[in-house]
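See below for the structure under consideration.
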Amino acid sequence: MKATLKGKYDVDKNGGGVATVAVNAADVKLRASVTEATFVNGPSLTGLALAVEKPGSFIVDYNVPKKDFRFQFMNTVRVGERPLNLTYMHSRGDNRTVLDGTFVFDPANKVSANYALDSGNCKLKYTYVHKGLTTFEPAYDVAKNAWDFAVSRRVYGDDTLKASYQTSSKVLGVEWSRNSKHTAGFKIVASVNLAEEFKAPKLIAETTWNIEM
């Protein structure tokens, strides 16, 4: 049995943190997460969330204090011998439903669309992977009539550097992550809003440990 322990630290939220524990049981993953609010005034249900996931099939999230469920179902169909990955997401609390689809032309090219049934908003994204190392991701938000851009490059094997820019909010972001199946992984994200007069960067650090049980 394998377990994953993940910790997240948000400097912008006065050091607010999130801890997540995930355990693999056969082909199902059980997950629990807590925030600092769970323990700040003694143990409580505040900030506690539970989830059951079968990778590639479904995810059921349960927010304990809000008694709110979120369902996510995934499936893959073949279109002209190419995979079309479909995802249906529904949140019972705010009655929000989102449909997501990704069509993979080949290992280097894919397009995706995200459609929210409640607002009617649609987001489109094209992903291009150059020589397996550099990824370009332009995205278009129909409701905002705005483009977002991201470029990432895999370096030193498990490490990835990423830069992104959101034209509607003028937020520039930089990310350094390491995804390793055998050792601890991490992600450090720094972002700054260029539209603000005082351009203070926001920092988020996240680390992940994989444990054999």
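Overview of results
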{"read-out": "Any pair with Cβ under 8 angstrom, 6 or more apart, that starts in region 85-99 at a residue that is open to solvent by 90 Å² or more (accessible area, probe 1.4 Å) and ends at one that is among the aromatic types (Phe, Trp, Tyr)", "value": "Tyr88/Phe71; Tyr88/Phe73; Arg92/Phe69; Arg92/Phe71"}
{"read-out": "Condition met for Glu206 (of a type in the set (Asp, Glu), at pLDDT below 95 and part of a strand (DSSP E or B))", "value": "yes"}
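The values are calculated or read from the model by the stated rules, or taken from the named source; none is laboratory data. Because the structure is a prediction, the values reported are computed rather than measured. So basically every Cβ, Gly included, is an ideal-geometry build from the backbone, and we count neighbours across all protein chains shown. Each accessible area value is taken on the protein alone, full model and side chains, heavy atoms only, with ligands, DNA and RNA left out. Shrake-Rupley method; radii C 1.70, N 1.55, O 1.52, S 1.80 Å.
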